[in-house]
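What follows is a set of notes on a single structure, which appears directly below.
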2 protein chains.
Amino acid sequence: MKRSRAALKRRPAGEAAEREIDFDELPGYVGYQVRRTQAKIFGEFEAMLGDFEFTPGSFGVLMLIRANPGITQVALASAFGVDKSTMSPVIYRLETRGLIRREVLPSDRRCHALFFEPKAEPVFVAAREKFRAVEAGVAARLSKTEQRELARLLAKLQGAQA
Amino acid sequence: MKRSRAALKRRPAGEAAEREIDFDELPGYVGYQVRRTQAKIFGEFEAMLGDFEFTPGSFGVLMLIRANPGITQVALASAFGVDKSTMSPVIYRLETRGLIRREVLPSDRRCHALFFEPKAEPVFVAAREKFRAVEAGVAARLSKTEQRELARLLAKLQGAQA
DNA sequence: TATTGTTATACTCTATAACTATA
DNA sequence: TATAGTTATAGAGTATAACAATA
């Protein structure tokens, strides 16, 4: 970001444009605003988690398995709004890392019930602290009232059908 | 979504869990709320654009090239907050489709100035109508006041440094 | 027939690193 | 040395389709 006055004078064309870019209609699009905000927040998670053992996605999956013992993969995929084929490899990685275990349901042997492994609790708690810290840094930019208002508006955007 | 009463009675385990899933801390995370909202909105764009010739990303790039004649790839990448290597293939596709053209800058032959092709105007206008329609459907879930408030809160979230 | 879960495949988006050409 | 742009590569995340096992 630091730049000498000389450098400023002979700045390349790209930078000149960078300072006076016309974004046309984009900033007026709710979809664009939400997308940019999401990218910004995820970038911060990546930066602060570094070579951490979880992505926001895989940590969320682990958290839901922990909170919902015996949940099936289809139910989990549905909860996150993704396809079951998207969930499969995520589950597989958590299982091979020993963080969860799978049990075939006797009542319906097509289903795999998922369980959080008790011995994974320290790893989970440590990860949760990291996620809470990043999240707190993001949320701190808004007052409590604003946080509630944002949650309400985002819920409203999600609520309606396409 | 339609389901007979009989089906409801003998619903599989996955569905039972689906109705009473405990999301633990996730709904309280701003990052999670924004992510879910973004996924929902993008899903609607995909569904309504169908086999359309643009993704939200590529259309945004075209819109900015049109609004900023002569902009370079690095400036464009910077405007969207992505790496120049991410922008390269997007630019290449727009060029091969004849929607834009590139000119090497005589003043700095490393730079490629990008220009919207006038003959692409009908395609652009048609695409913009589609995007405006989807966007209008999304924005319609909020009042004008709420739209402004959301924009303000999202900007505030993006504003601070990590 | 329908559902659960896996796998093969594909596409988008993203980045890093190494490279060429220029400055 | 530094920057613009390309390319090779990699990884996450997403989906569809076909499949085996089970219902």
task = Kindly check whether there is at least one residue in the range B:122-144 that is among the acidic types (D, E) and more than 17 Å from the chain's Cα centre (by Cα).
result = no
Q) Any chance the range A:73-84 includes a residue that's within 16 Å of B:P27 (Cα to Cα), within 16 Å of DNA strand D (Cβ to nearest atom) and surrounded by fewer than 17 Cβ atoms within 10 Å (Cβ to Cβ)? A) yes
Scan the range B:115-129 and tell me whether some residue there is away from chain A (no Cβ under 12 Å) and within 14 Å of DNA strand D (Cβ to nearest atom). yes
Filtering the range B:85-108 for residues that are free of Cβ contacts under 8 Å to residues at least 12 places away in the same chain, within 11 Å of chain A (Cβ to nearest Cβ) and within 11 Å of DNA strand D (Cβ to nearest atom) leaves a count of 1
The lone condition B:R35 fails out of (1) surrounded by fewer than 20 Cβ atoms within 10 Å (Cβ to Cβ); (2) without any contact (Cβ under 8 Å) to a residue 24 or more places away in the chain is (1)
Within the range B:121-148, residues away from DNA strand C (no atom under 16 Å from the Cβ), among the hydrophobic types (A, V, I, L, M, F, W, C) and touching a helix residue (DSSP H, G or I) at 6+ places or on another chain (Cβ under 8 Å) come out as B:F124, B:A133, B:V138, B:A139, B:L142
When the range A:111-134 is checked residue by residue, the ones that are modelled with pLDDT of 95 or more and among the acidic types (D, E) are A:E117, A:E121
Counted residues in the range A:87-109 being away from DNA strand C (no atom under 11 Å from the Cβ) and either among the acidic types (D, E) or touching a Gly at 6+ places or on another chain (Cβ under 7 Å) (or both) come to 0
Those residues of the range A:110-120 which are away from DNA strand C (no atom under 16 Å from the Cβ) and small (G, A, S) amount to A:A120
In the range A:40-84, residues that are away from DNA strand C (no atom under 13 Å from the Cβ), out of contact with any strand residue (DSSP E or B) (no Cβ under 9 Å at 6 or more places or on another chain) and without any contact (Cβ under 8 Å) to a residue 12 or more places away in the chain total 1
So, first residue within 11 Å of A:E53 (Cβ to Cβ) in the range A:122-135, second residue assigned to a helix (DSSP H, G or I), Cβ within less than 6 Å, six or more apart or across chains; the pairs are A:A127/A:F59
Quiz item: Just to be sure, is A:R110 outside any helix (DSSP H, G or I), touching an Asp or Glu at 6+ places or on another chain (Cβ under 8 Å) and not aromatic (F, W, Y)?
Solution: no
Here the residues within the range A:123-145 that are closer than 13 Å to A:L62 by Cβ and not charged (D, E, K, R) are A:V123, A:F124, A:V125, A:A126, A:A127, A:F131
Scanning the range B:49-72 for residues that are within 14 Å of DNA strand D (Cβ to nearest atom) and over 17 Å from the mean Cα position of the chain (by Cα) gives B:N68, B:P69, B:G70, B:I71, B:T72
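The values are calculated or read from the model by the stated rules, or taken from the named source; none is laboratory data. Everything numeric in this text was worked out from a predicted model, so none of it was measured. Cβ coordinates were reconstructed from backbone atoms using ideal geometry, including for glycine residues, and neighbour counts include every protein chain displayed.
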